[in-house]
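Here's the structure we're looking at; comments come further down.
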Amino acid sequence: MKLRSCRNRLSINLIFLQRPRNTLIKSAAGVAEVAGSSAKEVSVKEYKRADLHMHSIFSDGVLTPEELAKKAYDNGVELISLTDHDETAGLERMKDAASELGMDFVTGCEVSTDFAHVPIHIVGLNFDQKNEALQNLLKDIRAKRFNRALKMAEKFEELGLHGALEGAREQAANSMLLARPHFADWLVKIGKAEDRQDAFRKWVGTGKPAYVPRETTPIAAAVRAISDAGGIPVLAHPGRYPLKRWAFDEMFAQFTAAGGKAFEVTTGSHKLGQAEIHAKMAEKLGFWVSTGSDFHFEGSPAQLGLQGDLPSNLDPVWRHFS
Ligand code: AMP
Ligand code: FE
Ligand code: FE
Ligand code: ZN
């Protein structure tokens with residue numbers, strides 16, 4: 001695991017004894033009884049608080065990696081990742097900032113995929129960021145984003161709002177990665193919306209006048225690329241997708257068929273009660289669980305690290321980083 005040591009935190013080393021039929025037994029380090037010859041020891045670290053989903057100026061967030069790291073640290077975060085949309089350019093800065101503060105860090109990215117015209121976000125964690133196939137996939141998705149931005153600008157022209165592309169680029173620190181929030185910020189600046197939320201409601205939300213869908217990317221492409229790069233693919237905020245039960249099941253089947261084994265339970269993008277539903281689902285399915293604020297800016301639903309800690313009966317994704 002590409003983790004750094006940390007201070008002031010609960011650091012229990014657990015030993016997992018892997019028995020036949022994949023039964024895992026937890027035991028305190030050093031007093032484990034080895035049950036049978038097939039037992040395998042894996043030492044893992046436990047964290048009281050983690051934030052494995054957030055956005056910086058490298059995508060549609062407003063803070064730098066350093067600012068995010070500091071705020072997360074102040075809120076008690078011990079393990080952090082940066083998960084910009086389709087972009088890994090901020091990871092080195094986040095890694096250094098985390099290290100300086102004594103937080104553990106893993107690589108991250110939130111990959112934009114699609115199912116039945118609904119955007120599905122797959123968070124990749126602890127992958128090799130130099131992996132060529134993964135970087136090629138991200139490059140391809142960024143190109144699709146840019147094409148969509150051009151089409152959205154055309155729509156704004158038709159709607160009588162000029163200069164949308166330049167306007168959105170001015171709002172984006174990374175002008176090669178344009179997301180709808182950058183258009184939203186431009187709309188606020190020119191007085192056509194009150195805030196991001198209002199801009200989504202009036203202009204850029206699904207089905208609104210300036211909405212253009214991205215060219216699609218299959219869920220399986222992201223899941224496989226992240227896994228092949230040594231990472232863990234995590235279905236982001238499973239409670240947020242506007243899918244009927246049967247359609248959700250179909251989407252989830254694609255995720256698992258491609259090798260997905262983890263989803264987020266506590267996230268700033270879940271509404272009240274959704275964490276509990278997904279905690280039960282994880283327990284029932286034996287899925288690994290992740291947690292993250294999905295912080296973009298001060299007005300985001302959860303502040304850094306304060307999205308709710310994971311219930312202790314669940315199996316956090318960091319136990320499976322290797
Ligand atoms: P995009 O990836 O360009 O389609 O933009 C999606 C991003 O827009 C999400 O990751 C959120 O950051 C943001 N977003 C989506 N829906 C809303 C909303 N209703 N209000 C504000 N921001 C939103
Ligand atoms: Fe976003
Ligand atoms: Fe997301
Ligand atoms: Zn996100």
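The values are calculated or read from the model by the stated rules, or taken from the named source; none is laboratory data. What you are looking at is a predicted structure, and each value in this text was computed from that prediction instead of being measured. Cβ atoms come from the backbone with ideal geometry, glycine included; neighbour counts cover every protein chain shown.
When you scan the stretch 121-144, how many residues do you find that are of a type in the set (A, V, I, L, M, F, W, C) and more than 16 Å from ligand 4 (Cβ to nearest atom)?
5
Could you list, in sequence order, the residues of the stretch 69-90 that are away from ligand 3 (no atom under 15 Å from the Cβ), aliphatic (A, V, I, L, M) and under 13 Å from the mean Cα position of the chain (by Cα)?
Across the stretch 69-90, the qualifying residue is only 80.
Would you pick out the residues in the stretch 267-296 that are farther than 30 Å from residue 128 by Cβ and part of a loop (DSSP other than H, G, I, E, B)?
Across the stretch 267-296, the qualifying residues are 271, 272, 273.
Are any residues in the stretch 240-252 within 16 Å of ligand 2 (Cβ to nearest atom) and in a helix (DSSP H, G or I), and if so, which ones?
Residue satisfying the conditions is 240 alone.
Residues that are within 16 Å of ligand 4 (Cβ to nearest atom): find the helices (runs of 4 or more DSSP H) completely inside the stretch 145-203 holding 2 or more of those.
Passing ranges, in order: 180-189, 196-199.
Among the candidates 199, 116, which residue alone is of a type in the set (A, V, I, L, M, F, W, C), out of contact with any Cys (no Cβ under 7 Å at 6 or more places or on another chain) and within 12 Å of ligand 1 (Cβ to nearest atom)?
Within the list 199, 116, the selection yields 199.
Among all residue pairs at least 6 apart or on different chains, which show Cβ distances below 6 Å where the first residue, located in the stretch 44-55, is over 12 Å from residue 306 (Cβ atoms) and within 15 Å of ligand 4 (Cβ to nearest atom) and the second is in a loop (DSSP other than H, G, I, E, B) and among the β-branched types (Val, Ile, Thr)?
That search, which allows pairs on different chains as well, returns 53/83.
Identify all residues within the stretch 199-224 that are over 17 Å from residue 181 (Cα atoms) and touching a strand residue (DSSP E or B) at 6+ places or on another chain (Cβ under 8 Å); write none if there are none.
Hits for the stretch 199-224 are 216, 217, 218, 219, 221, 222, 223.
Rundown of residues vs (1) within 16 Å of ligand 3 (Cβ to nearest atom); (2) surrounded by fewer than 21 Cβ atoms within 10 Å (Cβ to Cβ); (3) modelled with pLDDT of 95 or more, yes/no style:
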site	(1), (2), (3)
121	yes, no, yes
134	no, no, yes
143	no, yes, yes
167	no, yes, yes
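Spot the failing condition for residue 223; the list is (1) assigned to a loop (DSSP other than H, G, I, E, B); (2) more than 16 Å from residue 166 (Cβ to Cβ), and only one is missed.
Among (1) assigned to a loop (DSSP other than H, G, I, E, B); (2) more than 16 Å from residue 166 (Cβ to Cβ), residue 223 violates only (1).
Restricting attention to the stretch 74-89, which residues are in a loop (DSSP other than H, G, I, E, B) and of a type in the set (D, E, K, R)?
78, 84, 86, 87
Residue 95 passes all but one of (1) under 30 Å from residue 206 (Cβ atoms); (2) free of Cβ contacts under 8 Å to residues at least 40 places away in the same chain; which number fails?
(1)
Checking residue 271 against (1) surrounded by fewer than 19 Cβ atoms within 10 Å (Cβ to Cβ); (2) modelled with pLDDT of 95 or more, which test does it fail?
The number of the failed condition is (2).
Can you pull out every residue in the stretch 49-68 that is more than 12 Å from the chain's Cα centre (by Cα), closer than 22 Å to residue 319 by Cα and among the aliphatic types (A, V, I, L, M)?
50 - this is the single residue of the stretch 49-68 that is more than 12 Å from the chain's Cα centre (by Cα), closer than 22 Å to residue 319 by Cα and among the aliphatic types (A, V, I, L, M).
Scan the stretch 261-269 and tell me whether some residue there is under 24 Å from residue 87 (Cβ atoms) and more than 16 Å from ligand 3 (Cβ to nearest atom).
Scanning the stretch 261-269, I find no residue that is under 24 Å from residue 87 (Cβ atoms) and more than 16 Å from ligand 3 (Cβ to nearest atom), so the answer is no.
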